[in-house]
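Down below is the structure, laid out as structure tokens.
What follows draws every value from the coordinates through simple rules; no lab data is involved. The model shown is predicted, which means the values in this text are computed figures rather than measured ones. Every residue, glycine among them, receives a Cβ derived from its backbone with ideal geometry; neighbour counts consider all protein chains shown.
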Amino acid sequence: MAAFLLALALAILFASLAYSYWGVMIGLAGALLGYGLVAGSAIFFYPTAPAVSLLIGLAGALIGLLVFLAAKDLMVMVASALNGAMIVGGATYCWLDPVSTRDYITLAVFTAVAVIGVVVQFRLFGKERRYSAGKYRKTPSQP
């Protein structure tokens with residue numbers, strides 16, 4: 001009986017903390033994507049200045065964190081589109097020219113896939129508010 005009560009208390013505690021934890025993870029995703037995009041762009045255009053790209057990347061991380069926390073709904077769509085684009089861009093890079101440091105084809109593929117992903121997701125789910133305060137759009141399956 002004591003184990004059951006302890007498990008119930010822990011379940012209630014962790015369930016109440018889940019949304020806060022999810023918010024922290026969204027902020028962390030924004031910081032990681034902000035750092036990766038900004039530092040990656042800086043290294044792409046200035047490969048001989050890694051210290052500068054680190055500092056610029058940290059500024060990108062802060063901006064990404066703040067933007068993702070401010071607009072969770074849109075940023076979930078952006079993050080999933082960018083993650084998909086990174087996978088496709090990385091595969092393109094490995095497939096076409098794995099020894100190149102400046103691969104414009106990979107950059108073009110990444111950009112195209114990212115834009116297509118954001119546009120498609122926004123058109124399909126842009127009016128729904130699942131993660132932030134706001135009116136929920138009723139779908140046909142909702143009463």
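Evaluate segment 40-49: report whether one residue or more is surrounded by 18 or more Cβ atoms within 10 Å (Cβ to Cβ), in contact with a Phe, Trp or Tyr (Cβ under 8 Å, 6 or more places away or on another chain) and not β-branched (V, I, T). Spell out the reasoning first.
First pass over segment 40-49, keeping only residues surrounded by 18 or more Cβ atoms within 10 Å (Cβ to Cβ): 42-43.
Cutting the leftovers down to in contact with a Phe, Trp or Tyr (Cβ under 8 Å, 6 or more places away or on another chain) gives us none.
No, that holds for no residue.
Go through segment 37-73 and give me each residue that's part of a helix (DSSP H, G or I), touching a residue at least 40 places away in the same chain (Cβ under 8 Å) and either under 28 Å from A108 (Cβ atoms) or more than 15 Å from the chain's Cα centre (by Cα) (or both).
If the condition is that a residue be part of a helix (DSSP H, G or I), touching a residue at least 40 places away in the same chain (Cβ under 8 Å) and either under 28 Å from A108 (Cβ atoms) or more than 15 Å from the chain's Cα centre (by Cα) (or both), then L37, F44, F68 are the ones that fit.
Can you report the number of residues in segment 32-59 which are more than 18 Å from A114 (Cα to Cα) and of a type outside the set (S, T, Y)?
Residues that pass the stated criteria total 14.
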